[in-house]
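Let me give you the structure first, and then I'll get to my questions.
The values are calculated or read from the model by the stated rules, or taken from the named source; none is laboratory data. Note that the structure is a prediction, hence the values are computed from the model and not measured. Because the Cβ atoms are built from the backbone with ideal geometry, glycine has one as well, and the counts that use them run over all protein chains shown.
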Amino acid sequence: MKKHTFFIFVSYIWTKTLLSLTFHPYKAIVDTLRRPVLFPVIFSPIIGIVILFVSAKLGGYVMDVYGLKREMVAIFLSTTLLSIIFWQALLLYLLGSFLIASWRKQQ
């Protein structure tokens, strides 16, 4: 398989799984446990947090905002941070509960 084709395939699978984790996390975690190669996608909200912090830091160097705009930027960034953290917590909770259930089933 060519590198270009492989990159497109991996991007498609990653995006499909990420969208599934966003809109149907329960079903996506079950599918991920069936195919463990997709396991790193569960931790993609952490990548989102890193991107959020890097873009906020770069935005702080590039732009200076004051007054109401500064408060709006702060509200947007804090809301985004909290939603990503809660989303990651939900995914980890579902993953943990399914792993514990599968271990109990094997015993």
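State all residues of the range 55-68 that are surrounded by fewer than 11 Cβ atoms within 10 Å (Cβ to Cβ) and part of a helix (DSSP H, G or I); if no residue qualifies, say none.
The answer is Lys57, Leu58, Tyr61, Val62, Leu68.
Out of all the residues in the range 33-54, is one or more in contact (Cβ under 8 Å) with a residue 60 or more places away in the chain and in a helix (DSSP H, G or I)?
Checked against the condition, which is being in contact (Cβ under 8 Å) with a residue 60 or more places away in the chain and in a helix (DSSP H, G or I), the range 33-54 yields at least one hit.
Tally time: how many residues in the range 19-50 are modelled with pLDDT under 85 and aromatic (Phe, Trp, Tyr)?
Total meeting the criteria: 1.
Go through Thr5, Thr22, Thr17 for me and flag whichever is part of a helix (DSSP H, G or I), hydroxyl-bearing (Ser, Thr, Tyr) and in contact with a helix residue (DSSP H, G or I) (Cβ under 6 Å, 6 or more places away or on another chain).
Only one candidate passes the filter, namely Thr17.
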